[in-house]
Amino acid sequence: RAKADGRGAIRTFEPSMDRRMHDQRVLQLDLQNATQNGELELLYQPQASVDRTVYGFEALVRWRHPTKGLLGPDFFIPIAEESGQIIEIGEWVLRTACREAATWPAHLRISVNLSPVQFRHGDLVQLVQSILLETGLEPTRLELEVTEGVLVHDFSRALHILRGLKALGVQIAMDDFGTGYSSLSYLQAFPFDTLKIDKSFTAKLSTDNHANEIVRAVIGLGRGLNIPIVAEGVETPEQLDFLTQERCQNIQGFLIGKAEPIEAYAEITGRGTPTKGGNPA
Ligand code: C2E
Ligand code: MG
Ligand code: MG
Ligand code: MG
C-alpha cells in the first residue's frame, strides 16, 4: 500500500522511475504464465497456542521465477493486485491450501490471506463454497485473513461478502491489526473470529514501552470482545513470556516455526516423512 502511494506521489520523472516501471511491466508479463506453469508455491507457517501447541498453519505464497529465483509476496502481490492477476492467483492459493489441509488431522486449521481486490471482483462467497465442496474441507477448519483495507473501499459490499463467508461456516481473521485505520469501528461492524496483532508491535516488545502498552491493550480488547488474539512475528522467548503473562491466546512466528514447504512439518500433519530431522524453527 505504501509503495503504491509513493509511486503516485512522485511527479518528477526520473530515469530510475522509468526503469522501475519497465521492471514492473516485465514482471507482470512473467506473472501471466506463473499460475499455468506451476511457478507458484505455498509455504506453511505454524500457528500455536502460547503453550506452543500447533493448531493450524497459515498458507503463504511464493513465486519461483524462472530466472529471479524464489520471490516473496511483498514483491509480486502488489503488482498482481494492480493488474487483476491476483484473482487467478488468489483462487489457486485457496484451492491448493484447502486441498492440502483436507489431508491433515481434523484438529488442524488452515489460514488463507485474501486481497481486497478479491472482494471487488467475481463472487467470492460462491468461489469459497465451491472450493470447500470440491476439496471436502470442513468449513470451520478454514480461516480467511483480511486486512482493514478490505473494508475501506466499498464498506457495505465488503460487509455483505464477509457475512456471506461467515454463513458458510468459515472463520474470519483480521490480519495486521493496528497498522490500518478505523480498526475499532470495523470491529464493531463485523464479528471477527480472530485478531492478529501485527508483527511490527511484537518486534518492539520489551524494548519499547509504547509497544508493550499497545499489545496489552489489544489483548485486553480481544478479551473484552471475546475474540482470540494471535500475536504475529514472535521470535524470542522473552516476547512469548510477555504475551503469556498478558494472557494472549495464540502466537505465530519464527520462535514456533518459519514458513516452510509442508513436508517440513510432517510430524505435525502426519503426512509423509520429514525430509530433514530436528526442529524446523
Ligand atoms: P501476513 O499475512 O501478515 O503474513 C505474515 C508474514 O510475516 C509472512 O511474510 C511471514 O513469513 C512473516 N513472519 C512470520 N513470522 C515472522 C517472524 O517471527 N519474524 C518476521 N520478521 N517475519 C515473520 P511473507 O510470507 O513474506 O508474506 C508477507 C505478506 O504477503 C503477508 O503478510 C500477506 O499479507 C501477503 N501474502 C502472503 N501470501 C498471500 C496470498 O496467498 N494472498 C495474498 N493476497 N496475500 C498474501
Ligand atoms: Mg496473514
Ligand atoms: Mg499479518
Ligand atoms: Mg502483512
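Observations
- Peptide packing for 120-129, 207-216 was compared via the average number of neighbouring C-beta atoms within 10 Å per residue; ordered from the highest value, the list is 120-129, 207-216.
- Total lysine pairs whose alpha carbons fall under 19 Å of each other in the chain (8 or more apart, or interchain): 6
- Spacing of the two label points (7 Å from each Cα toward its C-beta) at H210 and Q24, in nm: 3.0 nm
- Area of K258 that stays accessible when all protein chains are in place (1.4 Å probe, Å², to 10): 90 Å²
- Highest-MSF residue in the chain out of E91, E39, E235 [GNM, Cα springs under 10 Å]: E39
- The value of relative contact order for region 26-171, using C-alpha pairs under 8 Å at least six residues apart, is 20 percent.
- Student exercise, the chain dipole from Lys, Arg, Asp, Glu Cβ charges, in Debye to nearest 20: 140 debye
- Rounded if a/c under 1.5, otherwise prolate or oblate - region 17-64, Cα gyration tensor axes: oblate
- Residues whose amide H falls under 5 Å from that of E58, counting only those 5 or more places apart or on a different chain, are Q45, Q47, S111, with hydrogens built in the peptide plane.
- Its relative contact order, with pairs defined as Cα atoms under 8 Å and 6+ residues apart, puts the chain at 17 percent.
- The peptide list 27-35, 106-114, put in order of mean Cβ contacts within 10 Å with the highest first, becomes 106-114, 27-35.
- Region 101-247, relative contact order in percent, only Cα pairs under 8 angstrom and at least six apart counted: 18 percent
- Prolate/oblate/rounded label for region 51-103 (Cα gyration tensor, a/c 1.5): prolate
- Prolate/oblate/rounded call for region 124-281, Cα gyration tensor, a/c under 1.5 rounded: oblate
- Computed with every protein chain present, the accessible area of S16 is close to 80 Å² [probe 1.4 Å].
The values are calculated or read from the model by the stated rules, or taken from the named source; none is laboratory data. Remember, predicted model here, so these are calculated numbers, not experimental data. Note that we place each Cβ from the backbone using ideal geometry, even for glycine, and neighbour counts take in every protein chain shown. Only protein heavy atoms, including side chains, enter the accessible area calculation; ligands, DNA and RNA are left aside. Shrake-Rupley method; radii C 1.70, N 1.55, O 1.52, S 1.80 Å.
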